[in-house]
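Peer 1: Handing you a structure now.
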Amino acid sequence: MFLTKLTINPQSSAFRRDTSDVHDMHRTVMSAYPELPPTTVYRSTHGVLWRVDELPGGRIVQYVQSQTAPDWSHLSEGVLLRPAEVRPLQPLLDSIRPGRRLTFRLMANPTRCVQRRRIPLRQPAEQVEWLVGKGERHGFVVPVSRQGTPDVVPTPAPRLVGKKQKAQRIIIDPVRYDGHLVVTDLDAFTAALVNGVGRAKAYGCGLLSLAPARSIPS
């Protein structure tokens with residue numbers, strides 16, 4: 001497993017193009033990985049998940065996690081402010097134990113199904129309830145804060161839009177979750193780290209970032 005940190009030049013025309021069409025962003029990210037036969041599920045085979053974080057001071061960082069080692073030499077000139085930083089994730093995976101409390105960040109696509117349509121969850125309480133449900137499935141719980149509520153803050157993120165082939169529209173209303181979790185099932189939690197959480201994994205959702213409790217994921 002590998003984690004890449006890309007420090008983005010926000011003035012890059014190529015990056016601005018990708019932010020205007022999330023499918024273009026998906027293609028740019030996948031260009032770092034070897035092509036596969038058409039019958040292969042490209043993203044999931046390489047285990048690619050990514051997220052864009054807007055940091056204080058106008059800084060933009062893109063994190064990309066993968067099971068295959070990436071080659072970022074194909075990125076357009078001027079997209080990065082510094083060389084791509086790639087590190088192995090195995091030490092992190094080896095450090096996780098049931099009962100461990102961790103700080104996390106997750107960009108996710110919380111939805112519910114209504115008459116076979118996926119409807120985004122708009123209310124913070126619904127968004128937190130969605131995450132708690134995912135925790136039950138993926139081997140973690142969100143502890144209670146000193147205020148007696150789940151120790152997580154959901155924050156609406158900018159809408160992601162784009163087009164697939166045959167003019168199929170992409171509309172995603174992501175939510176960024178910042179808080180704490182406690183690992184309850186090591187195998188299920190490791191699978192969630194590797195495979196992602198929720199839907200829209202090809203489009204910047206699902207990547208679970210971890211750090212020791214009381215720290216900021218980086």
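Condition check ((1) more than 16 Å from the chain's Cα centre (by Cα); (2) surrounded by 15 or more Cβ atoms within 10 Å (Cβ to Cβ)) across all residues:
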| position | (1), (2) |
| --- | --- |
| Arg117 | yes, no |
| Arg122 | yes, no |
| Phe140 | yes, yes |
| Pro154 | no, yes |
| Lys164 | yes, no |
| Tyr177 | no, yes |
| Asp185 | yes, yes |
| Ala188 | yes, yes |
| Leu208 | no, yes |
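Peer 1: Could we say that Lys134 is modelled with pLDDT under 95 and in a helix (DSSP H, G or I) here?
Peer 2: Working: modelled with pLDDT under 95: no; in a helix (DSSP H, G or I): yes.
Here the answer is no, as Lys134 does not meet what is asked.
Peer 1: In segment 160-170, is there at least one residue being assigned to a strand (DSSP E or B), in contact (Cβ under 8 Å) with a residue 12 or more places away in the chain, closer than 19 Å to Glu54 by Cβ and in contact with a Leu (Cβ under 6 Å, 6 or more places away or on another chain)?
Peer 2: Taking every residue of segment 160-170 in turn, none turns out to be assigned to a strand (DSSP E or B), in contact (Cβ under 8 Å) with a residue 12 or more places away in the chain, closer than 19 Å to Glu54 by Cβ and in contact with a Leu (Cβ under 6 Å, 6 or more places away or on another chain).
Peer 1: Still on this structure, please answer the following. Failed condition for Gln62, given (1) in a loop (DSSP other than H, G, I, E, B); (2) within 17 Å of the chain's Cα centre (by Cα), with all others met?
Peer 2: (1)
Peer 1: Out of the residues in segment 7-50 meeting the condition of being small (Gly, Ala, Ser) and surrounded by fewer than 13 Cβ atoms within 10 Å (Cβ to Cβ), tell me which one is farthest from Ala200 (Cα to Cα).
Peer 2: The residue in question is Ser13.
Peer 1: Turning to a different aspect of this structure: Output the residue which, of all residues in segment 95-115 that are part of a loop (DSSP other than H, G, I, E, B) and among the polar types (S, T, N, Q), is surrounded by the most Cβ atoms within 10 Å (Cβ to Cβ).
Peer 2: The extreme case among them is Asn109.
Peer 1: Looking at (1) surrounded by fewer than 14 Cβ atoms within 10 Å (Cβ to Cβ); (2) farther than 18 Å from Ala211 by Cα; (3) not charged (D, E, K, R), which one does Val79 not meet, given that it meets all the others?
Peer 2: (1)
The values are calculated or read from the model by the stated rules, or taken from the named source; none is laboratory data. Computed from a predicted model, the values in this text were never measured in an experiment. Glycine gets a Cβ as well: all are built from the backbone with ideal geometry, and neighbour counts include every protein chain shown.
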